[in-house]
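Worksheet: one structure, shown below.
The values are calculated or read from the model by the stated rules, or taken from the named source; none is laboratory data. All values reported here derive from a predicted model rather than from experimental measurement. Quick reminder, even Gly has a Cβ in these numbers, built from the backbone with ideal geometry, and neighbours come from all protein chains shown.
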Amino acid sequence: MTQQTAEGYDVPAVEAWIAEHVQGLTPPCKWHRLEGGHSNLTYHLIDSQGREAVIRRPPQGQLLPKAHDMSREWSLISALANTPVPVPAALGFCESPDVTGAWFYVMERVAGKPMYTRADTESWVPQERRTVLAHSFFDTLADLHAQDPDAIGLGELGRKEDYVLRQLKTWYRSWTSSIEDAQYDDERAHRLQQFFVDNVPEQGPARVVHGDYGLHNCLIGSDSRVAAVLDWEIATLGDPLADLAYALLAWPESAESVKDKPDAATSAPGMPLRAELAERYASRTGRDLSMLNYYLGFNSWKTAAIIHGVYARYIAGKKSTEGVDLEGLKMAVDGSLAAAQGFVDQL
């Protein structure tokens, strides 16, 4: 369903700005809401000539200082445009809040679909093409981690050193500050955090890390390959192996472990297993993965901290619990901590 009103956008003012600043688009446009993307207000535009684009701005209301940073996303897709990393073309960026109350940008619309669930994968990617999908997904990550941030104009994107240590401090602070609201603590969270702090591997040269690299943040083309990587708002500079481990955790460790997440996009029949994909990344990048279990454990612990914080907000009444499986959230915290311990025990 298309619409000429759009949440968060002064449509006439935005279309006037597009007419002046974005080559190749001729308003008026049809606006169609796109879901996903960290609650940013994202719309598919179709102009008067049938040409397509996507427009994106932060949600309305009070935001945390670094949340929903449109300029960060804009700088990343602009810088990556001339690399092997597939991103939508950057068409126009407005940093005047006078137009519609917030910064926004316009980018190319790329044909493809994100994969959120097993059903998505099964309906879009033929079983005989799922290895192609998986290899393209990790090859794209390898291509991202091959880029020298300074060489592509992203050297100031963030601090280059101590990425894992900074993450450990941030998410441990989240855990400890959520204990009272959650009415729930777990000694493993504290013990594991100390282990990870005490045993941080030496970080190699900093690379751009996406921070949430998954099939849900990629558009998969009709050829079953990654057509574009989206949602760069939490990308920064850091340790590429932490980024790799985050991505790998979504993939099954064994044929048996598919049962743990039966509805996951990566649980569709014909998907390669985690070890094969890690080896493919290593062969493309030359990186030493001997400490991969550390990074898998760290990311599992971080996931526990994130879910613990979400659980705390529900228990404290800060978010509606209607339709929310609170016991399932608590079990997810427990499962993530158990997974983290399992990876540590394999080191």
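Can you confirm whether Pro201 is within 18 Å of Leu141 (Cα to Cα) and not hydrophobic (A, V, I, L, M, F, W, C)?
Values: within 18 Å of Leu141 (Cα to Cα): no; not hydrophobic (A, V, I, L, M, F, W, C): yes.
Here the answer is no, as Pro201 does not meet what is asked.
Can you tell which of Tyr246, Tyr184 is hydroxyl-bearing (Ser, Thr, Tyr) and under 20 Å from Phe138 (Cα atoms)? Reasoning before the result, please.
Numbers: Tyr184 fails: under 20 Å from Phe138 (Cα atoms).
None of the others qualify; the one that does is Tyr246.
Can you tell me which residue in the range 119-131 is surrounded by the fewest Cβ atoms within 10 Å (Cβ to Cβ), limited to those that are assigned to a helix (DSSP H, G or I) and hydrophobic (A, V, I, L, M, F, W, C)? Break it down into steps so the answer makes sense when it comes.
Restricting attention to the range 119-131, the residues satisfying the condition of being assigned to a helix (DSSP H, G or I) are 119-124, 127-131.
Still in the running and hydrophobic (A, V, I, L, M, F, W, C): 119, 124.
Details: Ala119: 12, Trp124: 19.
This residue is Ala119.
Does Glu253 meet the test of being modelled with pLDDT of 95 or more, closer than 16 Å to Thr140 by Cα and out of contact with any Pro (no Cβ under 9 Å at 6 or more places or on another chain)? It would help to see each step written out before you state the result.
Values: modelled with pLDDT of 95 or more: yes; closer than 16 Å to Thr140 by Cα: no; out of contact with any Pro (no Cβ under 9 Å at 6 or more places or on another chain): yes.
The answer is no for Glu253.
Can you find, within the range 132-158, the residue that is surrounded by the most Cβ atoms within 10 Å (Cβ to Cβ) among those that are out of contact with any helix residue (DSSP H, G or I) (no Cβ under 9 Å at 6 or more places or on another chain) and farther than 14 Å from Ala79 by Cβ? Show your work before the answer.
To start, the set of residues in the range 132-158 that are out of contact with any helix residue (DSSP H, G or I) (no Cβ under 9 Å at 6 or more places or on another chain) comprises 132, 136, 140, 148, 150-151, 155-156, 158.
This time we only want the ones that are farther than 14 Å from Ala79 by Cβ, so: 132, 136, 140.
Details: Val132: 14, Ser136: 20, Thr140: 22.
That would be Thr140.
Condition first: part of a strand (DSSP E or B) and surrounded by fewer than 20 Cβ atoms within 10 Å (Cβ to Cβ). Now tell me which residues in the range 92-117 satisfy that.
First pass over the range 92-117, keeping only residues part of a strand (DSSP E or B): 92-94, 104-108, 113, 117.
Across the range 92-117, the qualifying residues are Gly92, Phe93, Glu108, Lys113, Thr117.
Does the range 249-267 hold any residues that are in contact with a helix residue (DSSP H, G or I) (Cβ under 8 Å, 6 or more places away or on another chain), hydrophobic (A, V, I, L, M, F, W, C) and surrounded by fewer than 22 Cβ atoms within 10 Å (Cβ to Cβ), and which are they? Before the answer, list the steps.
Going residue by residue through the range 249-267, those that are in contact with a helix residue (DSSP H, G or I) (Cβ under 8 Å, 6 or more places away or on another chain) are 249-253, 258, 261-267.
Now narrow it down to the ones that are hydrophobic (A, V, I, L, M, F, W, C): 249-251, 258, 264-265.
The answer is Leu249, Ala250, Val258, Ala264.
Can you give me the number of residues within the range 241-275 that are over 30 Å from Lys160 (Cβ atoms), in contact with a Leu (Cβ under 7 Å, 6 or more places away or on another chain) and without any contact (Cβ under 8 Å) to a residue 40 or more places away in the chain?
3
Can you tell me which of Ala278, Ala264 is of a type outside the set (Val, Ile, Thr) and within 20 Å of Leu337 (Cβ to Cβ)? Spell out how you get there, then give the answer.
Details: Ala278 fails: within 20 Å of Leu337 (Cβ to Cβ).
Unique residue meeting the criteria: Ala264.
Of all residues in the range 295-318, how many are among the basic types (Lys, Arg) and within 23 Å of the chain's Cα centre (by Cα)?
Let us first name the residues in the range 295-318 that are among the basic types (Lys, Arg), namely 302, 313, 318.
When the remaining residues are screened for being within 23 Å of the chain's Cα centre (by Cα), the result is 302, 313.
Selection size over the range 295-318: 2.
Could you check, for the range 138-146, whether at least one of its residues is of a type in the set (A, V, I, L, M) and at pLDDT below 95?
No, because not a single residue in the range 138-146 is of a type in the set (A, V, I, L, M) and at pLDDT below 95.
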